[in-house]
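Scroll down for the structure; my scribbles are underneath it.
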Amino acid sequence: DVKVTQSSRYLVKRTGEKVFLECVQDMDHENMFWYRQDPGLGLRLIYFSYDVKMKEKGDIPEGYSVSREKKERFSLILESASTNQTSMYLCASSLQTGHTGELFFGEGSRLTVL
Amino acid sequence: AQSVTQPDIHITVSEGASLELRCNYSYGATPYLFWYVQSPGQGLQLLLKYFSGDTLVQGIKGFEAEFKRSQSSFNLRKPSVHWSDAAEYFCAVGPSGYSTLTFGKGTMLLVSP
């Protein structure tokens, strides 16, 4: 089975801190995604990546950056955390050419910024 | 731009009763359509998907969905709901298998005894 692992399930950070959210997948998927989930707003795409060292902005990239140095790992970075970034962050991966559209999700990282 | 509307924020269904969750999409070409489920504290899991062919698709856990192009809808159904079906359900649309998906805002299903 595909496994997408988000290393931190719960984080509490202070305003202005730099935050790293790590995601690792074990199925050699080309595509990786970071979504933000908020009540009443559903899932919103922050960034995605089709290949190592490649990244594309999603719908809400402001205040975030990403890094993909290895195929299996996709990191989300909050350079200076703010309270409005308190949210659930979901990482997902998928095959490049499978045309299945199936995203495999991690269990999420719930971030609280104080 | 593609968009997805799930008109119902919450739905309460009695255990054993039938269920229908609504999803309407806006997309210029033939869409790829998906339903995902999220149990409390978990990530999302794919229930079913539609790409082409038979407009009635079967998924896991006894769910099915019907694609109706004329109504731009992809409603999720289950004939008899179990308490374990209580979760949040997301409809999503995308242009192809590997491109990005647009998700609806979700419908929270509550199951009463």
Seminar exercise, completed: Of the residues in segment B:98-113, those that are part of a loop (DSSP other than H, G, I, E, B) and either more than 14 Å from chain A (Cβ to nearest Cβ) or touching a Lys or Arg at 6+ places or on another chain (Cβ under 6 Å) (or both) come to B:Pro113
Exercise. Could you give every pair whose Cβ atoms fall below 8 Å, whose first residue belongs to segment A:13-37 and is free of Cβ contacts under 8 Å to residues at least 60 places away in the same chain, and whose second residue is of a type in the set (Ser, Thr, Tyr) and surrounded by fewer than 16 Cβ atoms within 10 Å (Cβ to Cβ), counting only separations of at least 6 or pairs across chains?
Worked result: A:Glu22/A:Ser7; A:Glu22/A:Ser8; A:Val24/A:Thr5; A:Val24/A:Ser7; A:Asp26/A:Thr5
Exercise. Given segment A:1-81, what strands (runs of 3 or more DSSP E) lie entirely inside it while holding 1 or more residues that are of a type in the set (Gly, Ala, Ser)?
Worked result: A:42-49, A:65-70, A:73-78
Problem set entry | Residue satisfying all of: in segment A:82-114; within 7 Å of another protein chain (Cβ to nearest Cβ) and in a strand (DSSP E or B); modelled with the highest pLDDT among these | A:Leu90
Exercise. If we scan segment B:76-97, do we find a residue that is surrounded by fewer than 17 Cβ atoms within 10 Å (Cβ to Cβ), touching a Phe, Trp or Tyr at 6+ places or on another chain (Cβ under 8 Å) and within 13 Å of another protein chain (Cβ to nearest Cβ)?
Worked result: yes
For this session: Could you tell me which residue of segment B:30-60 is nearest to the chain's Cα centre (by Cα), considering only residues that are outside any strand (DSSP E or B) and away from chain A (no Cβ under 14 Å)?
Result: B:Thr55
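The values are calculated or read from the model by the stated rules, or taken from the named source; none is laboratory data. What you are looking at is a predicted structure, and each value in this text was computed from that prediction instead of being measured. When we count neighbours, we look across all protein chains shown, and the Cβ atoms used for this are built from the backbone with ideal geometry, even at glycine.
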